[in-house]
4 protein chains.
Amino acid sequence: MNFKSDNEAPAHPAVLEAIVEANRDFATAYAADRYSQRLNARFSEAFETECHVLPIATGTAANSIVLGELSPPWGAVMCHQNAHIHCDEGGAPEFYTHGAKLVPLAGDGARIHPDTLGRAIDAAGVHGVHNCKPAVVSVTQATECGTSYRPAQIQALAEVSHGRGLPLHMDGARFANAVAWLGCSPAEVTWKAGVDVLSFGATKNGALTAEAVVVFGRPEWLEGLERRRKRGGHLLSKMRYVSAQLLAMLENGLWLDIARTANARAAELAAGIERSDQATLEWPVEANEVFMRADPDILQSLKTRGFEFHIWPGYDDLARLVCTFATSEQQIRDFLSALQDSGPG
Amino acid sequence: MNFKSDNEAPAHPAVLEAIVEANRDFATAYAADRYSQRLNARFSEAFETECHVLPIATGTAANSIVLGELSPPWGAVMCHQNAHIHCDEGGAPEFYTHGAKLVPLAGDGARIHPDTLGRAIDAAGVHGVHNCKPAVVSVTQATECGTSYRPAQIQALAEVSHGRGLPLHMDGARFANAVAWLGCSPAEVTWKAGVDVLSFGATKNGALTAEAVVVFGRPEWLEGLERRRKRGGHLLSKMRYVSAQLLAMLENGLWLDIARTANARAAELAAGIERSDQATLEWPVEANEVFMRADPDILQSLKTRGFEFHIWPGYDDLARLVCTFATSEQQIRDFLSALQDSGPG
Amino acid sequence: MNFKSDNEAPAHPAVLEAIVEANRDFATAYAADRYSQRLNARFSEAFETECHVLPIATGTAANSIVLGELSPPWGAVMCHQNAHIHCDEGGAPEFYTHGAKLVPLAGDGARIHPDTLGRAIDAAGVHGVHNCKPAVVSVTQATECGTSYRPAQIQALAEVSHGRGLPLHMDGARFANAVAWLGCSPAEVTWKAGVDVLSFGATKNGALTAEAVVVFGRPEWLEGLERRRKRGGHLLSKMRYVSAQLLAMLENGLWLDIARTANARAAELAAGIERSDQATLEWPVEANEVFMRADPDILQSLKTRGFEFHIWPGYDDLARLVCTFATSEQQIRDFLSALQDSGPG
Amino acid sequence: MNFKSDNEAPAHPAVLEAIVEANRDFATAYAADRYSQRLNARFSEAFETECHVLPIATGTAANSIVLGELSPPWGAVMCHQNAHIHCDEGGAPEFYTHGAKLVPLAGDGARIHPDTLGRAIDAAGVHGVHNCKPAVVSVTQATECGTSYRPAQIQALAEVSHGRGLPLHMDGARFANAVAWLGCSPAEVTWKAGVDVLSFGATKNGALTAEAVVVFGRPEWLEGLERRRKRGGHLLSKMRYVSAQLLAMLENGLWLDIARTANARAAELAAGIERSDQATLEWPVEANEVFMRADPDILQSLKTRGFEFHIWPGYDDLARLVCTFATSEQQIRDFLSALQDSGPG
């Protein structure tokens, strides 16, 4: 039973159907096809503002291409110390920025506090050319700890960023889960709150492989973004298959339906853990990830029984449990039952 | 009727089926899945030697990641002046090599002559640190002009390269077409002839998006290749969908069947052009591309009738016509008939 | 007797004295000293327009930092195929641009013809993101063949460049020699003719190690130039010693006096070669370099007699003879006499 | 009275004399001159082992070129959080490494503890390609806090590094001051303790601009170091002037004499501060830098009286006072007297 990652779930049937549909005929190469050409309009509709959209196969590439455009090589990228771009992308942001420095910031639940951000930006560049220059702020939504920024929190970060001349990027690998949990509109927690560019994730949310860079009203960034996508080898010749997935996701709000299902499973799991004597929740569950603190023996016992999940790096008693649209209510019940059984007894 | 590119054709049904099949269950992320794990064995079988295989979504990325591993940042990459890596990849090889210099060489039909190569390598590095250092030779098979290197020609280039300490890379975006046309084994025109690493293309040959770096017996390159793939954002979390396509291609020689079909259409087209008074062949047709020289008025007339193809950059009377497995015999007949009608006659 | 390079001559005594003078007291570090702070004013005076000046230790760094600022990583740098930036800087321009492509152009005497330039720019970018994007034009003055562009020639190149949105950079490693030979003002052959930024060379012209990037009225480039200089490790902590050399050079036109002396020796040498039966001039001598074509045996004979010079790469019968302010009239006479004696007799 | 930086002091007369001497005649360009050619032998003598030496104009370049050679682009450079390479080089290490990540470590007095280092290396790379890979350890000697590692401390760090396959680099911008203070041999605190490569600083110690990369017994690094030096624009054509400074420094131990003088001034200053009621020492004074904690009003009062020094970033009550060979005993007395007078009394 796989709680390891939403990356390990299968794709949603509607996404597969869209690919089959896109395969019926010839289509122009290199994102000039009729699917890719509809992305701007569909995202603009979903986000209630003019969007420029670049489909991209991976989230690491989406994030890194954006950071490459927003930070000069001598720039500093302000992010949380747990941020995926800092911890898990193998140096891709440094590659695409040609060597920018990621400045890791502390903050509970993988959320950056606006005061922390302001102080860090102000301190980072005081020595001019001798320092890397603060260039962009990047936040993750939902965060690496499974929490979600409220729109007002994003707005506060955007004020700090914009007040110092820095654009605000949102890594939305689990953006759908955050929006579904917040119950707000996509607009409210992005451009209306000050986000300038979003890495819109679909892969973790039921696509095969489909992400998108969504730019809110900054057309001057487009040429650089497109050049960097090509130069990174990410302008797929048959981009239609990525774009068709994105279109399927936006169709009738499928992306939010999928996320709601995953979130519901996470909420059930969290509720069971809270009721349990064997484990506690490490952070509030505000998306589809559950961080459970339990005795290492209990965690090992669960693994032995076939429950797959990651132990958080640097800990032996903290488990990350990820739910997906393909996780069943029965699986949650089985897990909780096994948790109850795994206690000292 | 689309002769623009094999990138514009749909994917082969068997490839789509393989994706659907791979979607039945959860699978481990980041190329640790059961599909990706079978690639080494399947390619080793197809190439009759031990292969190390990295699935990658695009040919530009495959080429650039290889060049990044084989050339230091101060290196010189020896290639034909028409090479895709030099002309059409938007600077991706320079990006992944951190600034290597591509040294373009002349040669009929987009083929490099061994003497040209030897002289160029010898001349390029005579001033030590003041020059870029010749580091790797890259050839395209089939070439950008639709010709194919014979095994003996590859061997001659490999001798020149290896004799000067340079590895030999093959950009095989249309490798299947070349092998099918040559009628040789994949081994004969690669490692047996001295190729050290191959960018194996499947996207142009009926996949959705699937390429592979195939390394012949140089395990010391693997760590760098894997690091560079991750750092370029090309380690797909759901790599299984790429690997499943590659496995489907290798199953019962599907990749060669597809290529043979495309080549057969190209041969029919070439034969018709040769019989025609309106046009001539620019280069021998040794894969699935036909380069047709004709009066610009004729080319425009064909376009007006709905035949889509590219005019070669820098020319107004040279058309590139690409055939695919989805091109029908009827389409070839229609084109040739239209060609005959388009004359001044 | 050394005709190998102006890099091998000693520094001019006045330059040394300026260093001694600059050493009398403490001075602020990192180019905030009183010497560096005077450069803008002194160059503005010499060039009759507002100049922004960055002192830099080497010409390779000056050129590369400028190109890094003027070309994006996916840019194409248009230059002559003999250009120092393309042939002799070990990939430094590629390093500082993060992988731009240098596009080498043909042209007699290492000079680019405006028509060649225009056609090359127009051809280079026709496929959008699939191509590197023409970003900057770089010319060398005096050229690598010892010729000098006339102001009208520079102007014609600037019109081609600017008309296509590309700035014009001048590599002035031997700028003093060109200006001295042309007999024009520094302004006439730079900003008045359309040059946007100049690598002003002093090292080859009697400094120990001192170059300068001179920007004509483009203050928006300064931050990037300064960041790139620091990031390349070229913001010397004791920059005063470089700046003092530059100030000494500009004092009472010393830089042009030194260049005139070197040019005079080259003219004497050229005149002697023209009179000789043993050798011919390859290109007109329009600065301090003389390219002499002679039988390989004659060249070897001269070397045996202790005359040091370079044989041009790829030739065995073409010698480059460089004159400096430290070359004496007697040395020229000795060389010419030896040349006369070295014939088949 | 300047306590701001040893970078602001004039050069030592013997260094200037060496430059004048090196200027007497022509010399081969690009470090093939007779001065540069003697560096290996002279450093080998001073360090009692075979050394390979690359003269370089700046410390930032020396450090960055070394890190570029020792870390792949996806590498992690382990260093103290106060390290000059991390805080003060404007991203040069990221530039020369093509985007490596600097991992900042805590530690009293800017010294890294071996346990901290071991844990950090072990933690940094646990996720394989998803992480940057620990590649090299860099320590500063004397440190940014004016302390000096004992040979045994270096040895402990080297054991941790080498035990994990990482080479050990020493940033020796103030290496002379550390050696002079430790009273050990240069060998004892470098290669005998496990240092693999040293950035040997002379600029802060009385040179005009002269640093050197000194490699202990790792000839396989030389080609890369030389290529990177050239590519960074740091292979000075007239390198003789840098090399002559280095030779002058090594002549009769001048470098250690200069450092001893600076250290003696720092010791006098430290002793006076310890006796004072107005201020305290922040860290033990083990080189030529004194960190003095005092009321902000006192620091301002001292500045008003003409004493120049830096306030440590992030503090308002911590002054850095740097002594040099050109600092006089009288200046120390004047400062201490002013300090005494500046109190509230």
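Before moving on, here are some points about what is shown:
- Exercise: per-residue mean of other protein chain Cβ atoms within 10 Å, B:8-21: 4
- Span-like helix check, chain D: qualifying full DSSP H segments, with Cα axial length of 30 Å or more and mean Kyte-Doolittle of -1.0 or more, are D:254-275.
- Three semi-axes of the equivalent ellipsoid, the range B:142-205, Cα gyration tensor, whole Å, largest first: 20, 12, 10
- Chain B, relative contact order in percent, only Cα pairs under 8 angstrom and at least six apart counted: 23 percent
- Starting from the label point of residue C:341 at 7 Å along Cα→Cβ, the same points in the other copies fall at 7.5, 8.5, 10.5 nm, in ascending order.
- Peptides ranked, highest mean first, by Cβ atoms within 10 Å: ranges C:309-315, A:55-61: A:55-61, C:309-315
- Cα-based shape type of the range A:202-326, given that a ≥ b ≥ c are square roots of the gyration tensor eigenvalues and the cut on a/c is 1.5: prolate
- Prolate/oblate/rounded call for chain A, Cα gyration tensor, a/c under 1.5 rounded: oblate
- Mean shadow area of the protein assembly as shown, taken as a quarter of the surface of its Cα convex hull (nm²): 54.3 nm²
- Rounded to 5, percent antiparallel among DSSP beta bridges of chain B: 55 percent
- The mean number of Cβ atoms from other chains found within 10 Å of a Cβ in peptide C:64-72 is 1, as a whole number.
- Closest approach to the axis - chain C beta-carbon, rotation onto B, Å: C:99, 2
- Burial ordering of A:181, C:221, D:74, fewest other beta-carbon atoms within 10 Å first: C:221, A:181, D:74
- Once the mean of 1/r is taken over each pair of separate Cα atoms and inverted, the range D:255-341 shows a Kirkwood hydrodynamic radius of 12.8 Å.
- Counting Cβ atoms of other protein chains within 10 Å of each Cβ in B:109-118 and taking the mean gives 0.
- Whole-Hz ³J(HN,Hα) from phi, Karplus 6.51 cos²θ - 1.76 cosθ + 1.60, for the range D:314-324, glycine and proline x: x, 10, 10, 10, 10, 9, 9, 10, 10, 9, 9
- Global geometry of the range A:274-324, whether rounded, prolate or oblate, following the gyration tensor of its Cα atoms and the 1.5 cut on a/c: rounded
- Pseudo-label separations to other copies for residue D:106 - Cα-to-Cβ vector, 7 Å, nm: 0.8, 6.7, 6.7
- Once the convex hull of all Cα atoms in the range B:1-139 is built, its volume per residue stands at 166 Å³.
- Cβ-to-Cβ counts within 10 Å put C:98, B:52 in ascending order as B:52, C:98, the fewest first.
- Rounded to 0.05, the FRET efficiency of the residue B:295 and residue A:25 pair, given R0 = 41 Å and the Cβ-Cβ distance, is 0.85.
- Distances in nm from residue A:185 to the matching label points in the other copies, shortest first (labels 7 Å along Cα to Cβ): 6.2, 6.5, 7.8
- In the calculated pair-distance distribution of the range D:49-115, the portion above 15 angstrom amounts to 54 percent of the Cα-Cα pairs.
- Applying D = kT/(6 pi eta Rh) to the range A:100-208, where Rh is the Kirkwood radius over alpha-carbon pairs, T corresponds to 37 °C and eta to 0.692 mPa s, the Stokes-Einstein value obtained is 229 µm²/s.
- Of C:149, C:30, the sequence from fewest to most neighbouring Cβ atoms within 10 angstrom is C:30, C:149.
Every number here is computed from the coordinates shown, using simple stated rules; none is lab data. Worth saying up front: this structure is predicted, and the values here are computed from it rather than measured. Cβ atoms come from the backbone with ideal geometry, glycine included; neighbour counts cover every protein chain shown.
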